[in-house]
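What follows is one structure encoded as structure tokens, with my remarks underneath.
The values are calculated or read from the model by the stated rules, or taken from the named source; none is laboratory data. Please read these numbers as outputs of a predicted model, since none were measured by experiment. Here the Cβ is made from the backbone with ideal geometry for all residues, glycine too, and neighbour counts use every protein chain on show.
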Amino acid sequence: MLDAGDRREMPVAITAARAADAMVAGIEAEITSGRLGDGSYLPAERELMIEYGVGRGVVREAIARLASRGLVEARPRFRPIARRPGLDAALGALEGIVGHLLSDQAGVKNLYDLRVFLEGSLARNAAIHARKEDIAALRAALAMNEAAIPDSQQFYATDVAFHAVLYDTARNPVLPVVHKAFTAWLSPQWMRMPRSPERNQVNFLSHREICMAIIERDPDGAERALLNHLSAAWEYVRGTFESREAPEA
């Protein structure tokens, strides 16, 4: 049961929360309508306090909420900057949720399975719809991947670039942003994996199999090669959790 002090504080807290809600809605409407253009400064903190009839704490809470949704860019000692909502902002707003997913093996596996599902479809799509310039980009990415086999750090970069071609080939502007997000979210797991030129060679051969199936217009083969490749890669990722959980000698 709430004591008298709690009951006195609740209306104040509720009023502040509602004031912050109203302020967030008002500024969001200004940004999405274009009245507050992308890259323009929000009014100074004191001006916002006067405009919305709120205290400094409410203004700061509202700005923090807008920043978490990618609608403003907020830095200490600088006026917040309006940001037109886009795909990068939308995915950036998911970072907190994804961070929780990545805290254990089950969460990483769920995110990884989503990538597998998507890339299997992209490989199939590429085998059916890839244009000459897509095939050329895929060949170039594969050649760079092969050249990087002796250098594991460079090999990782060319591995990412090879998979990026599959996302580009679909010609959907959402997909390259999704690939960028997957790379950022899952890269800590890749960094923990043991690396060697021998393992890089195995991954390159998998990439080559995917590439050849796409060139030969074999959607079943392309999807199968992609799924086999990522299934094998998951075993390496899973091993990073086992090494962290192993008791010290």
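So here's what we get for this one:
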{"quantity": "Any chance Glu47 is at pLDDT 75 or above, crowded, with 17+ Cβ neighbours inside 10 Å, out of contact with any Leu (no Cβ under 9 Å at 6 or more places or on another chain) and not aliphatic (A, V, I, L, M)", "calculated": "no"}
{"quantity": "Pair list, Cβ < 8 Å and 6+ apart or interchain, from the stretch 21-41 residues that are on the phi < 0 side of the Ramachandran plot and modelled with pLDDT of 90 or more to residues that are polar (S, T, N, Q) and surrounded by 13 or more Cβ atoms within 10 Å (Cβ to Cβ)", "calculated": "none"}
{"quantity": "Check on Ser196, under 19 Å from the mean Cα position of the chain (by Cα), surrounded by fewer than 18 Cβ atoms within 10 Å (Cβ to Cβ) and of a type in the set (Ser, Thr, Tyr)", "calculated": "no"}
{"quantity": "Residues satisfying the stated conditions in the stretch 161-179, i.e. farther than 17 Å from Leu230 by Cα and either out of contact with any Phe, Trp or Tyr (no Cβ under 8 Å at 6 or more places or on another chain) or not assigned by TED's automatic domain parsing to the domain that holds Leu138 (or both)", "calculated": "Asp168, Thr169, Ala170, Arg171, Asn172, Pro173, Val174, Val177"}
{"quantity": "Among (1) without any contact (Cβ under 8 Å) to a residue 24 or more places away in the chain; (2) aliphatic (A, V, I, L, M); (3) surrounded by 20 or more Cβ atoms within 10 Å (Cβ to Cβ) - the single one Ala161 does not satisfy", "calculated": "(3)"}
{"quantity": "First in the stretch 136-156 and under 13 Å from Ala126 (Cβ atoms), second anywhere and among the β-branched types (Val, Ile, Thr) and surrounded by 13 or more Cβ atoms within 10 Å (Cβ to Cβ), Cβ under 6 Å, 6 or more apart", "calculated": "Ala137/Val165; Leu138/Val165; Ala141/Val165"}
{"quantity": "Hits in the stretch 123-145 - residues which are surrounded by 16 or more Cβ atoms within 10 Å (Cβ to Cβ) and either of a type in the set (D, E, K, R) or within 18 Å of Ala232 (Cβ to Cβ) (or both)", "calculated": "Ala123, Arg124, Asp134, Leu142, Asn145"}
{"quantity": "Residue list for the stretch 218-228, restricted to those being surrounded by fewer than 21 Cβ atoms within 10 Å (Cβ to Cβ) and within 14 Å of Leu166 (Cα to Cα)", "calculated": "Pro219, Leu227"}
{"quantity": "Lone unmet requirement of (1) at pLDDT 95 or above; (2) buried (at least 16 other Cβ atoms within 10 Å of the Cβ) for Arg208", "calculated": "(2)"}
{"quantity": "Filter result (without any contact (Cβ under 8 Å) to a residue 40 or more places away in the chain and of a type in the set (Asp, Glu)) within the stretch 57-74", "calculated": "Glu73"}
{"quantity": "Residue selected from the stretch 50-73 under the condition β-branched (Val, Ile, Thr) and under 25 Å from the mean Cα position of the chain (by Cα), by the criterion surrounded by the most Cβ atoms within 10 Å (Cβ to Cβ)", "calculated": "Val72"}
